[in-house]
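For reference, the structure discussed in these notes is given below.
The values are calculated or read from the model by the stated rules, or taken from the named source; none is laboratory data. Since this is a predicted model, take the numbers as computed values, not measurements. Backbone-built Cβ (ideal geometry, glycine too); neighbour counts: all protein chains shown.
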Amino acid sequence: MTQRYVGQAMKRKEDPRLVSGTSTYVDDVVLPGMLYMAVTRSMHAHARIKRVDTSRAQKLPGVVAVVTGEEVAHCGPIPCAASLPNMKRALRHLLAMNKVRFVGEPIAAVVAENKYIARDAADLVEIDYEPLPVVVDPEKAMDPASPRLYEEFSDNIAFNFFFESGNTEEAFKKADVIVKERFINQRLAPITMEPRGVVAAYRMPDNELVVWCSTQTPHGLRTLLANMLQVPENQTRVIAPEVGGGFGCKVDLYAEDGLVGYLAKKTGRPVKWIEGRRENIAATIHGRDQIDDVELALKKDGTILGMRVKAIADLGAFLSFFTPMIPTLTGLLAPGCYKVPALKFDQVGVLTNKMATDAYRGAGRPEATYLIERIMDVAAQKLKIDPAEIRRKNFPQPSEFPFKTSGGVIYDSANYEAALDRALEKADYKGLRRKQGQLRKQGKYMGIGLSSYVEICSAGPSHAVGGGGWEAGTVRVERTGKVSVLTGVSPHGQGQETSFAQIVADEFGIEPDDVVTIHGDTGRVPSGIGTFGSRGTSVGGTAVYLAVQDLKEKMKKIAAHLLESTADKIEFGIGKLLVKGNSGRSINFNDVVTVAYNAVRLPPGTEPGLEATRFFEPSNFTFPFGTHVCVVEIDEETGEPKITKYVAVDDCGNVINPLLVEGQIHGGLVQGIGQALHEEVVYDENGQLLTGSLMDYAIPRAHDFPEFELDRTVTPSPVNPLGLKGVGEAGTIGSTPAVVNAIVDALAPFGITHIDMPVRSEKVWRILKGRKAS
Amino acid sequence: MHVKIKINGKIYERDVEPRLLLTHFIRDVAGLTGTHIGCETSICGACTVLANGLAVKSCTMFAVQSDGADVVTIEGMAKDGQLHPLQEGFWEEHGLQCGYCTPGMIMCSHQLLSRNASPSETEIREALGGNLCRCTGYQNIVKAVQYASRKLRLAPKVAAGD
């Protein structure tokens, strides 16, 4: 194979439709006779529902139907895919019955002739509440005396997740120094620019349901909806059209998805629901929300002996699709990219009167990286060791891979030191430290923050993820030689229409323009899992690659037959198949395709056609890694920590398209920096959401950043034939601790050893105001 | 109420409810769905269009306020099958991922370049302060605007609505 396209920064095939405004997102789907749904939501965080009166809503002209909890109770609870030993299955229904447990919980749904009437009618649904005591603080919620969210459970503790590797007691006894700190990973809102949305159309005579949904996982949604709505799965079709961002929050099946399907079935007319931004912040899953008490035991020279983590994961009011699994990933990655011989991880998952948490970009790994990268800096500060050197000292060496960690996973491949060195060199770390010293003498506070991260991608072996870790790909060479790729993953910005075309074009010796990738439609593509956890190319792309290999073998056989050679002597050139060794004998790619479909000159025993489907089951996860360097300067007047330089060196294994990889890193950095500096979902003590609009929930803007300086090291993964590791979450995971480490470093002269996120100007201003630098 | 709004050179005349938002008029009445709605509260900028040459968030205007206006949406940017330099810039520089914020970004950038043909990086970042993107980290959006700025200076007659 000649690599003409893999590795090249090709601009995207997706973009012409997107930049011209001609693409189709869910809200752009319009069907004849379509109705609009609006949802009446709970105003209380915890209350008994005494009465729901829909009569005024029903009477509003243009209203077609109003449903409440009892009517859709038969659809059953919304399933949670994750399972842990002794876990309390705190599930919700499509609509609340008897009681509500968070602000924004759906209580009734209205369908009407247009969206304005639907919204009006939703406001006319009258609900009598009997408010109940609210618990929003997870530590209070753990107290047996606290209000219980579910009467059927003895307490609010949904699960305990505990493991110990090595002997932590001994490690801590032997330690020269023990550092400890409490790290809070605040609650975040994913804020996809396109809110969620669903359209459903039901054809009664055929019992056939078609659903357009802004989802990352169309096949999973199809199975769940089919079961919930009693439509056979093979008569249910889910289409993910253009999806305006996912970041994990569009993996879940939400109440509104089921309601739209139910109402389409009930009314016999298509129904559309598009989430408003306020609904989005209140009732789309949140991320993070974990409190980690971390202790690290070290020798004087900085060698890590052991670590203990006590973690509290605030799960919110119910278990959404992956809710309980996400925080447990923090345990698996808690050792970060260091040798931690002994690890004790003790986590409790707690129910509170807030929206559920689930997978948000990084999903459990940012929390792990944050806690280990922060505690490493705390240790470095205490031991007076340079943060770069304490990291270097504890890295496993490249020869030690695959490396089994005390977190219980096996890192596939890495060279952590190479990425660290590249980042230090690129940032001119020594020069920065010199400059910092000079500035401090002038009373100016600049900080340098490092973060060396490793993360877990390419989910994954099915046995390790509770099932469904594979991905499927079909490749069909059409009669004209054009190639259709049908993938089970469901990209929504990642650019796999382009990267898959690059892979396929190089394998076949054709042009990327001749390859079209079809995705996100259960009626068109093979059964798949979907796009999340940086698995699209490393798992989905591998399935496609394997299907291409099957077709290449078949085409070689046909070419050998036509060229009077043998298949093992045939190779693919550009636009043709040829007999190896300058024989001069070749046949055009398209001629082989014609023979395959014409089926007259096929070798004996060869089936006509050129189509192959492969399922790829990875043998392990992949573990991308890297080092980020962040430089902040503190504005003495306002306390604002201004990022003045950001260097990111990431290793995601082999790269198909560097343009796409850089784009993923840029976006990830901004989301991670957003957590460090700005973002936080805030509920008051009554469970009222105080950050319910984009006015109050601050996502980063263009002027918050300098130009990021990116570089890569390349350590191929042995887990898949393309050597890919995945890159969707790396930027988010690596950046958050780098920023906080930089701010703490800047404030070190004030005796600061830790500062909680989000580090807004006010927090820093209070520190500057209240203390004197030493 | 009766309104007459020109969108991308074509006149749309309808009786509408006084509360109908311009963005819904564009999307639902004119059927031009390239203008996206991201927050309904004029913060995210996804719904940005040009109204009488000014970039406005079309969720913040009522259709009745736009009576008689000359509106340009993303669909009006390409001419004779040729992408506008801004559209080209976003494509060339990978200035988009999911694409949802892109039409608003392009319309807002259009206003910037019509006022300032050679904006600095800082000026671009400041000008896009009212447009949110959750995918790109903004860096390639800045490059896309710089690309268009260069191209428009070479061929200054290319502009929306011309």
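Checked against the criterion of being among the acidic types (Asp, Glu), crowded, with 23+ Cβ neighbours inside 10 Å and in contact with a strand residue (DSSP E or B) (Cβ under 9 Å, 6 or more places away or on another chain), the candidates A:GLU113, A:GLU105 yield just one match: A:GLU105. In a residue-by-residue description of the range A:74-93, the property of being assigned to a helix (DSSP H, G or I), touching a residue at least 40 places away in the same chain (Cβ under 8 Å), β-branched (Val, Ile, Thr) and not assigned by TED's automatic domain parsing to the domain that holds A:MET355 applies to no position. The combined condition, being part of a strand (DSSP E or B) and surrounded by 14 or more Cβ atoms within 10 Å (Cβ to Cβ), is not fulfilled by A:LEU602. The condition (being surrounded by fewer than 21 Cβ atoms within 10 Å (Cβ to Cβ) and either part of a strand (DSSP E or B) or touching a Lys or Arg at 6+ places or on another chain (Cβ under 7 Å) (or both)) is satisfied by just one residue among A:LYS13, A:LYS50: A:LYS50. Just name the residue that is farthest from A:ARG278 (Cα to Cα) out of those in the range A:682-700 that are in contact with a strand residue (DSSP E or B) (Cβ under 9 Å, 6 or more places away or on another chain) and aliphatic (A, V, I, L, M). Here the residue is A:VAL682. Of the residues that sit in the range A:175-200 and are part of a strand (DSSP E or B) and within 14 Å of chain B (Cβ to nearest Cβ), which one is nearest to A:LEU690 (Cα to Cα)? Selected residue: A:LEU188. I need the full set of residues from the range B:95-152 which are charged (D, E, K, R), more than 9 Å from every other protein chain (Cβ to nearest Cβ) and without any contact (Cβ under 8 Å) to a residue 24 or more places away in the chain, in order please. Correct list: B:ARG115, B:GLU123, B:ARG150.
For A:PHE621, state whether it is under 25 Å from A:ARG365 (Cβ atoms) and aromatic (Phe, Trp, Tyr). Against the criterion (under 25 Å from A:ARG365 (Cβ atoms) and aromatic (Phe, Trp, Tyr)), A:PHE621 qualifies.
Among the residues of the range A:691-735, those that are of a type in the set (D, E, K, R) and either closer than 11 Å to A:PHE625 by Cα or more than 14 Å from chain B (Cβ to nearest Cβ) (or both) comprise A:ASP711, A:ARG712, A:LYS725, A:GLU729. Considering only the range A:106-113, I want to know if a residue exists there that is under 21 Å from A:MET34 (Cα atoms) and among the charged types (D, E, K, R). Within the range A:106-113 (the criterion being under 21 Å from A:MET34 (Cα atoms) and among the charged types (D, E, K, R)), the answer is yes, since at least one residue qualifies.
Just one of the numbered conditions (1) assigned to a strand (DSSP E or B); (2) within 13 Å of chain B (Cβ to nearest Cβ) is not true of A:GLU633: (2). Any chance the range A:750-757 includes a residue that's within 18 Å of A:ALA427 (Cβ to Cβ) and either in contact with a helix residue (DSSP H, G or I) (Cβ under 7 Å, 6 or more places away or on another chain) or among the acidic types (Asp, Glu) (or both)? Scanning the range A:750-757, I find no residue that is within 18 Å of A:ALA427 (Cβ to Cβ) and either in contact with a helix residue (DSSP H, G or I) (Cβ under 7 Å, 6 or more places away or on another chain) or among the acidic types (Asp, Glu) (or both), so the answer is no.
Within the bounds of the range B:62-71, is there any residue that is assigned by TED's automatic domain parsing to the domain that holds B:LEU32, within 17 Å of the chain's Cα centre (by Cα) and surrounded by fewer than 17 Cβ atoms within 10 Å (Cβ to Cβ)? The answer is yes, given that some residue of the range B:62-71 is assigned by TED's automatic domain parsing to the domain that holds B:LEU32, within 17 Å of the chain's Cα centre (by Cα) and surrounded by fewer than 17 Cβ atoms within 10 Å (Cβ to Cβ). All of (1) part of a strand (DSSP E or B); (2) crowded, with 24+ Cβ neighbours inside 10 Å hold for A:GLN216 with one exception: (1). Filter the range A:692-729 for residues that are closer than 24 Å to A:TYR5 by Cα and not in a loop (DSSP other than H, G, I, E, B) and give the result. Within the range A:692-729, A:LEU710, A:ASP711, A:ARG712, A:LEU724 qualify.
Considering (1) surrounded by fewer than 17 Cβ atoms within 10 Å (Cβ to Cβ); (2) under 32 Å from the mean Cα position of the chain (by Cα); (3) not acidic (Asp, Glu), the lone condition that A:ASN167 does not fulfil carries the number (2).
Listed here are the residues, each with its yes/no results for (1) in the same structural domain as A:GLU497 (by TED's automatic domain parsing); (2) out of contact with any helix residue (DSSP H, G or I) (no Cβ under 8 Å at 6 or more places or on another chain); (3) within 22 Å of A:ASP521 (Cα to Cα); (4) touching a residue at least 24 places away in the same chain (Cβ under 8 Å).
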position: A:PHE159; (1), (2), (3), (4): no, yes, no, yes
position: A:GLU169; (1), (2), (3), (4): no, yes, no, no
position: A:VAL177; (1), (2), (3), (4): no, no, no, yes
position: A:ARG182; (1), (2), (3), (4): no, yes, no, yes
position: A:PRO195; (1), (2), (3), (4): no, no, yes, yes
position: A:SER214; (1), (2), (3), (4): no, no, yes, yes
position: A:THR217; (1), (2), (3), (4): no, yes, yes, yes
position: A:LEU221; (1), (2), (3), (4): no, no, yes, yes
position: A:GLY245; (1), (2), (3), (4): no, yes, yes, yes
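Take the residues of the range B:25-46 that are part of a helix (DSSP H, G or I) and crowded, with 24+ Cβ neighbours inside 10 Å: which is farthest from the other protein chains (Cβ to nearest Cβ)? Per the stated criteria, the residue is B:PHE25. Of all residues in the range B:118-150, those being surrounded by fewer than 20 Cβ atoms within 10 Å (Cβ to Cβ) and touching a Lys or Arg at 6+ places or on another chain (Cβ under 8 Å) number 3.
Of the helices (runs of 4 or more DSSP H) lying entirely inside the range A:238-354, those carrying at least 1 residues that are among the small types (Gly, Ala, Ser) and more than 30 Å from A:ASN207 (Cα to Cα) are A:277-283, A:325-333. All of (1) within 21 Å of the chain's Cα centre (by Cα); (2) more than 14 Å from A:SER490 (Cα to Cα) hold for A:LEU225 with one exception: (1).
Note on the range A:569-587: residues that are assigned to a strand (DSSP E or B) and exposed (fewer than 14 other Cβ atoms within 10 Å of the Cβ) amount to 0. Kindly establish whether A:PRO61 is surrounded by fewer than 15 Cβ atoms within 10 Å (Cβ to Cβ) and closer than 22 Å to B:GLU17 by Cβ. Answer is yes for this residue. Quick one: would you say A:GLU685 is at pLDDT 95 or above and surrounded by fewer than 16 Cβ atoms within 10 Å (Cβ to Cβ)? Yes; evaluated as a whole, the condition is true for this residue.
Whenever a residue of the range A:312-325 is in contact (Cβ under 8 Å) with a residue 24 or more places away in the chain and farther than 10 Å from A:THR352 by Cβ, its partners that are among the small types (Gly, Ala, Ser) and assigned to a strand (DSSP E or B), lying with C-beta atoms within less than 6 angstrom and at least six residues away or across chains, give the pairs A:ALA313/A:GLY349; A:PRO324/A:GLY349. Restricted to the range B:81-112, and to residues there that are in contact with a strand residue (DSSP E or B) (Cβ under 9 Å, 6 or more places away or on another chain) and assigned to a loop (DSSP other than H, G, I, E, B), the residue that is nearest to A:VAL661 (Cα to Cα) is B:CYS98. The residue that is farthest from B:ALA30 (Cα to Cα), counting only those in the range B:74-94 that are more than 8 Å from every other protein chain (Cβ to nearest Cβ) and out of contact with any helix residue (DSSP H, G or I) (no Cβ under 8 Å at 6 or more places or on another chain), is B:GLN82.
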